[in-house]
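Let me begin by presenting the structure, written as structure tokens, before commenting on it.
The values are calculated or read from the model by the stated rules, or taken from the named source; none is laboratory data. Bear in mind that the values here come from a model prediction, so they are computed numbers and not experimental data. A quick note on method: Cβ atoms are made from the backbone with ideal geometry, for glycine too, and the neighbour counts reach across all protein chains shown.
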Amino acid sequence: MTQTALGPGTIYTETVVWAPPETYVNDAPYQLAIVVLDDGGRVTSRIIGDRVQIGDRVDFVEHRAGAPYFKKRL
Amino acid sequence: MRPVAIVGIGRTKFGAFPDRDLRSLGIEASQKCLEDAGVKPEQVEAFYLGNFAGPSFVGQNHLAPYIAGGVGITGVPTTRFEAACASGGSSFFHAFSGVAAGLYDVVLVTGVEKMTSQPTPKVAEILAGAGDVSGEGKAGATFAALFAMIARRHMHQYGTTHEQMAMVAVKNHSNAAKNPYAHMRKVITLEQALAGKLIAEPLTIYDCSLISDGAASVLLVPLERASEFAGKPVRVAGIAQTSDFFSLDQREDITSFAAVTNAAEKAYKAAGVTAKDIQFAELHDCFTIAEIMATEDLGFVKKGEGGPYVQQGCTLLGGPRPVNPSGGLKAKGHPVGATGVAQICEVTEQIRGAAGERQVRNHDIGLAQNIGGSGATAVVTVLCAV
């Protein structure tokens with residue numbers, strides 16, 4: 001599992017999860033998105049902070065428990 | 001390859017049955033099927049079981065002989081097939097292959113799932129295991145979340161509305177109310193469907209299929225021997241199982257399932273038909289957007305026109321091409337491993353003209369479409385009257 005920092009990207013699609021799986025019960029509601037990375041490839045990511053929409057630009061924040069976290073570029 | 005026919009079907013009612021275990025459901029559907037076909041257990045030459053997650057849901061492994069033995073079937077190959085929500089369709093595909101290739105003459109296929117013994121967050125976690133647990137799973141994706149992301153993109157690219165998705169739910173609940181095997185025989189209104197509890201935006205509880213217990217079975221034989229059996233035969237005119245890259249973030253366009261278009265192309269070719277010949281269909285509406293997408297991927301309408309298609313009433317029970325006369329996964333219920341086999345039961349019963357209150361008008365040729373995960377497996381089957 002790569003833990004290297006990721007570059008910025010653009011939201012391809014997103015949702016806000018209200019009915020989480022058992023492991024993430026305490027996180028809900030949380031936003032999930034597929035981010036198209038500027039450097040190529042796509043990652044399924046968590047979004048923290050402001051909600052994003054399709055087409056929004058996002059910056060990488062960190063990896064937490066194997067998942068990439070992004071935030072909206074303001 | 002020799003022609004293959006279905007000569008028996010059997011189903012349990014779908015629902016939440018705290019007093020029933022997985023084995024008793026599998027046995028009931030199997031026995032009803034053998035009875036329909038007029039076949040004794042000792043005549044069965046191979047047993048194919050569709051089951052997604054019995055080991056996780058009820059802690060039981062080695063499920064095929066576990067159920068077959070309970071039916072009185074021993075001394076033959078008994079095998080479980082797992083392909084997420086396409087487990088049933090995949091077991092049917094492989095059973096078909098065995099008969100078509102001439103390996104066996106009398107083959108029983110049973111699909112079963114017992115889901116309601118676990119609380120909903122646990123069910124969501126087990127189902128999420130059909131996705132990429134080391135990728136999208138770690139980000140917290142449920143299946144509802146994956147299909148919600150598909151829905152968002154479909155809305156963005158084609159102008160599909162949540163109201164159109166809700167219309168799928170209203171239609172399928174209306175059909176299920178006419179189906180004695182259905183889990184939820186309750187008519188709902190468009191307002192109710194739109195105002196449901198949010199699961200993964202924009203999907204509400206009414207966009208999601210049900211968590212159900214249930215089983216379904218079919219009996220396959222060579223077409224040339226069909227007249228020896230009691231059940232009215234229906235021909236398996238064409239069938240294909242195909243696959244795709246596993247997760248949504250590995251695909252260029254998530255508003256279409258390549259595995260479905262690919263399987264449909266192959267099944268249509270094998271059956272010598274085109275999309276326009278399909279008179280009715282049982283489609284994999286695990287979420288309402290999935291039914292809309294399926295009508296596009298199967299070529300019933302052009303890409304992006306699935307929303308207007310349901311809105312115009314084209315897929316209603318009395319419409320030009322009924323979709324999910326059974327009530328679909330949405331309202332008939334979705335005991336995962338049983339689903340693909342139950343679709344075949346429904347299409348067979350419709351072609352036999354024996355579907356009672358929910359009988360479709362034109363019923364010579366019907367289709368079943370079953371997908372696994374977020375479209376990494378697809379099985380498409382064309383059935384026709386003999």
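Please state which one of B:Val168, B:Val109, B:Val99 is among the hydrophobic types (A, V, I, L, M, F, W, C), within 30 Å of B:Pro222 (Cβ to Cβ) and in contact with a Ser or Thr (Cβ under 6 Å, 6 or more places away or on another chain).
Just a single option satisfies the conditions, and that option is B:Val109.
Got a sec? Which of B:Thr110, B:Thr116, B:Thr160 is more than 9 Å from chain A (Cβ to nearest Cβ), outside any helix (DSSP H, G or I), surrounded by fewer than 24 Cβ atoms within 10 Å (Cβ to Cβ) and at pLDDT 95 or above?
Of B:Thr110, B:Thr116, B:Thr160, the one residue that is more than 9 Å from chain A (Cβ to nearest Cβ), outside any helix (DSSP H, G or I), surrounded by fewer than 24 Cβ atoms within 10 Å (Cβ to Cβ) and at pLDDT 95 or above is B:Thr116.
Select from region B:206-253 the residues that are β-branched (Val, Ile, Thr) and either more than 22 Å from the chain's Cα centre (by Cα) or surrounded by fewer than 24 Cβ atoms within 10 Å (Cβ to Cβ) (or both) and list them in ascending order.
B:Ile211, B:Thr242
Go over the candidates A:Tyr69, A:Tyr12 one by one and state the one that is of a type outside the set (Asp, Glu), within 13 Å of chain B (Cβ to nearest Cβ), assigned to a strand (DSSP E or B) and more than 24 Å from B:Gln157 (Cβ to Cβ).
A:Tyr69
Could you check how many residues of region B:219-251 are in contact with a helix residue (DSSP H, G or I) (Cβ under 9 Å, 6 or more places away or on another chain) and in a loop (DSSP other than H, G, I, E, B)?
Taking region B:219-251 first, the residues in contact with a helix residue (DSSP H, G or I) (Cβ under 9 Å, 6 or more places away or on another chain) are B:219-222, B:229-245, B:247-248, B:251.
Keeping just the survivors that are in a loop (DSSP other than H, G, I, E, B) gives B:229-233, B:244-245, B:247, B:251.
Number of matching residues: 9.
Which residue out of A:Val35, A:Val17, A:Val58 is crowded, with 17+ Cβ neighbours inside 10 Å, more than 13 Å from chain B (Cβ to nearest Cβ) and in contact with a strand residue (DSSP E or B) (Cβ under 8 Å, 6 or more places away or on another chain)? Give the steps one after another, and end with the answer.
Numbers: A:Val35 fails: more than 13 Å from chain B (Cβ to nearest Cβ); A:Val17 fails: more than 13 Å from chain B (Cβ to nearest Cβ).
So the residue among A:Val35, A:Val17, A:Val58 that is crowded, with 17+ Cβ neighbours inside 10 Å, more than 13 Å from chain B (Cβ to nearest Cβ) and in contact with a strand residue (DSSP E or B) (Cβ under 8 Å, 6 or more places away or on another chain) is A:Val58.
Can you find, within region A:20-32, the residue that is nearest to the other protein chains (Cβ to nearest Cβ) among those that are closer than 20 Å to B:Leu203 by Cα and in a loop (DSSP other than H, G, I, E, B)? Write out each step before concluding.
Looking only at region A:20-32, we keep the residues that are closer than 20 Å to B:Leu203 by Cα, and these are A:20-22, A:24-25, A:27-32.
Among the residues that remain, those that are also in a loop (DSSP other than H, G, I, E, B) are: A:20-21, A:25, A:27-29.
Working: A:Pro20: 6, A:Pro21: 4, A:Val25: 6, A:Asp27: 6, A:Ala28: 8, A:Pro29: 8 Å.
It comes out as A:Pro21.
Can you name the condition, by its number, that B:Gly26 falls short on among (1) closer than 23 Å to B:Asn179 by Cα; (2) surrounded by fewer than 19 Cβ atoms within 10 Å (Cβ to Cβ)?
Here B:Gly26 clears every test but (2).
In region B:71-96, what residues are surrounded by 16 or more Cβ atoms within 10 Å (Cβ to Cβ) and small (Gly, Ala, Ser)?
Correct list: B:Ala83, B:Ala84, B:Ala86, B:Ser87, B:Gly88, B:Gly89, B:Ser90, B:Ser91, B:Ala95.
So, in region B:131-157, how many residues would count as being in a helix (DSSP H, G or I) and within 7 Å of chain A (Cβ to nearest Cβ)?
Total satisfying the criteria: 7.
Among residues belonging to region A:38-51 that are within 10 Å of the chain's Cα centre (by Cα) and either of a type in the set (Asp, Glu) or at the interface with another protein chain (Cβ under 7 Å from one of its Cβ atoms) (or both), point out the one that is surrounded by the fewest Cβ atoms within 10 Å (Cβ to Cβ).
Residue satisfying both the conditions and the ranking: A:Val43.
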